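First the structure, in the form of C-alpha cells, and then the observations on it.
Every number in this text was worked out from the coordinates using simple rules, so none of it is lab data. Please read all numbers here as calculations on a predicted model, not as lab measurements. Here Cβ is always computed from backbone atoms with ideal geometry, including for glycine, and neighbour counts include all displayed protein chains.
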Amino acid sequence: MKRMNIARTALLACILVLCSSATAADAPKFELDPAWPKVPEKWKLGDVSSIAIDAQDNVWVLHRPRTAQGEQAKTAAPAIMIFDNTGNYLRSWGGSGSGFEWPEREHGIHIDYKGFVWVGGNNCPARALPGLKPVGDDQIIKFTPDGKFIMQIGKATQSKGNADTMNLQQPADVWVHRKTNELFVADGYGNHRVAVFDADSGKFKRMWGAFGNKPLDNFACPPPSLKAVPDGPGPDQFSIVHAIRVADDGLVYVADRENRRVQMFTSEGKFLKQYIRHNAPFARNVALSPDADQRFLYVGGGMDIVILDRKTLELVDVIGGGGLLGGGHQIATDSKGNLYVAQTNRGLQKLVYKGMGPVTQK
C-alpha cells in the first residue's frame, strides 16, 4: 500500500508539472514604441537596410542615402546613423573614403564584440538600379566606431563565384563569433554560401552551402523569388543567403530567404536541422534573444516575426499586428530584449520587450 501511495504521489506530481508547463507564460511580448527614433529634422533617411547594436545598447542604423528622392536627396543623412536606446541621435558617418571601396548599395551592418563596425552591400552590376553604378559589391569593410578604415575583405566587381576565397559576392550580413574571433558571412545575393574568415587578418578559413553541401554557382543576380515553396525540405542549394547569427554556444543560424527556411549548423558547417514555411514569405532575417541561454530565435517573414525555440527550431509564438509594419529586412535585439526592425522603404521600428506572457498566435 505504501508503494502504491508513493506511485500515486509521483504520478500526481508529474501531472501537476505538465499542467503547469502547459499554462506557463512562455513567449516574449512586445509593444511598439511609436516615438523611436528621433531623426534630426535637417536629415532624411533613405531605405533603412539594417540595424546593429553595440555594447552600450546604442543602435546603429544603416540606410541607403542614394534612395532619397527629389528634394530629400539634398538632405540625405550619412549612411550610418547612431542613436541611443531611447532614440536620441548621437552621431553619424559613412560613405566613400580613401583606401577602401564603400558599397554601392548598402545592405548589412554589424558591431562585433570588440566594437568594430562591419559594412557590406548587395549591388549587382548586371541589374544596377537607377542612380547606381554598375559595380559589384563583392567586399566587406571593417571600421573603428568613429569610422576609421581598418580592413577590406574582397574587392568590388572581382568575384569569381562560390569557389572564390578572396572575394565575396553581394554579401548580405555578417556576424563575429567571440569565442573563435571568426567572421561568418551570409554570402549572399550573388554567391550562395556561408563564408568564414579570421576577423583580425581577413584570412579565409572555410565555407559551406545549404545542408552543408558544396555551394554551386548560379549566375542569376539576384536569384528569382519563388511564388510558393513545394512540400519537403527544399532545394539542395541556398538561394539568397540573407542573414546570419552565431549563438554563444557556436550554433549558426542562416536565413535562406527565397527558399523560406532557416537552417541550423555547427560552427564547422555540419547541418543540424531547419524550419521552413511553405505558404508565406519567410526567413528574411534572424536575431537571438539576449538571455543567458539565448532561448529564442526571431525570424522575420512577410507581415510578422516568428519566435522559435533556438535549440529545437520549434514554433513558440508569432509577433504581429500592434502597428508592426512587417517582418522586416534585417532585425536586431539589445541587451534588454528590445527588438529593432529595419523595414527598408517603410522605415524602422522599435518593439519594446514587455516580459513573458501567454502564447497567443502559435
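When the helix-only estimate is applied to the chain (DSSP H runs of n ≥ 4, each -39,500 (n - 2.57), divided by the residue count), what is the mean residue ellipticity at 222 nm, nearest 500 deg cm²/dmol? It would help to have the intermediate numbers written out before the result.
Numbers: 1 runs with 22 residues, N = 362.
For the chain, the value works out to -2000 deg cm²/dmol.
Roughly what % of DSSP beta bridges within region 32-357 run antiparallel, to the nearest 5?
Working: 81 of 82 bridges.
Here the share of antiparallel DSSP bridges comes out near 100 percent.
For region 180-319, just say rounded, prolate or oblate: build the C-alpha gyration tensor, square-root its eigenvalues into a ≥ b ≥ c, call rounded for a/c under 1.5, and beyond that prolate if a/b exceeds b/c, oblate if not.
On the way: a/c = 1.81, a/b = 1.07, b/c = 1.69.
In terms of gyration-tensor shape, oblate.
Give me the tail of P(r) for region 32-357 as a percent: Cα-Cα pairs with distance above 33 Å. Mind showing how you got there, number by number?
Numbers: 9247 of 52975 pairs.
Here the tail beyond 33 Å accounts for 17 percent of pairs.
List the pairs from 38/74; 114/350; 74/142 whose alpha-carbon separation is above 22 Å, in the order I gave them. It would help to have the intermediate numbers written out before the result.
Numbers: 38/74 20 Å; 114/350 25 Å; 74/142 28 Å.
Result: 114/350; 74/142 exceed 22 Å.
Helix 2-23 versus the longest principal axis of the chain: what is the Cα-based angle in degrees, 0 to 90, to the nearest 10?
Computed tilt is about 30 degrees.
Report, in debye and to the nearest 20, how large the dipole of region 169-274 comes out about its Cα centre when Lys and Arg carry +1 and Asp and Glu carry -1 on their Cβ. Show your work: numbers first, answer last.
Working: 14 positive and 13 negative charges, 22 e Å.
Using only the charged Cβ atoms, the result is roughly 100 debye.
Which FRET efficiency, nearest 0.05, do residue 315 and residue 205 yield, Cβ-Cβ r, R0 30 Å? Each step should come with its number before you reach the end.
Working: r = 33 Å, r/R0 = 1.11.
Here the calculated transfer efficiency is 0.35.
Distance from a point 7 Å along Cα→Cβ of residue 126 to each backbone N in region 189-232: keep the residues under 17 Å and list them by number.
189-193, 216-226
Have a look at 154, 68, 335 and report the one farthest towards the positive end of the charge dipole of region 32-357, computed about the Cα centre with Cβ charges (Lys/Arg +1, Asp/Glu -1).
The Cα lying farthest towards the positive end belongs to 68.
How much FRET efficiency would the formula 1/(1 + (r/R0)^6) give for residue 100 and residue 71, where r is the Cβ-Cβ distance and R0 is 30 Å, rounded to 0.05?
E(calc), rounded to 0.05, equals 0.50.
Do any trypsin sites (Lys or Arg not before Pro) in region 300-340 lie in a DSSP loop with no more than 13 other beta carbon atoms within 10 Å, and if so, which? If you can, show how the numbers build up before the last one.
Values: sites: 310, 311, 336; in loops: 310, 311, 336.
Sparse-neighbourhood loop trypsin sites (Lys or Arg not before Pro): 336.
Set the Förster radius R0 to 25 Å, insert the Cβ-Cβ distance between residue 213 and residue 166 as r into 1/(1 + (r/R0)^6), and round the FRET efficiency to 0.05.
On the way: r = 22 Å, r/R0 = 0.87.
Calculated value: 0.70.
Please give, to one decimal in nm, the separation of the simple spin-label points placed at residue 227 and residue 359, each 7 Å out from Cα toward the Cβ.
Rounded to a tenth, the inter-label distance reads 3.4 nm.
List the relative contact order of region 32-357 as a percent without decimals, with contacts defined as Cα pairs under 8 Å and 6+ residues apart. Walk me through the numbers on the way to the answer.
Numbers: 921 pairs, mean separation 41.5, N = 326.
That works out to 13 percent.
Expressed as a fraction of 2.2 N^0.38 Å, the rule-of-thumb size for a compact globular protein of N residues, what is the C-alpha radius of gyration of region 179-246?
Relative to the rule-of-thumb radius for its length, region 179-246 sits at 1.22.
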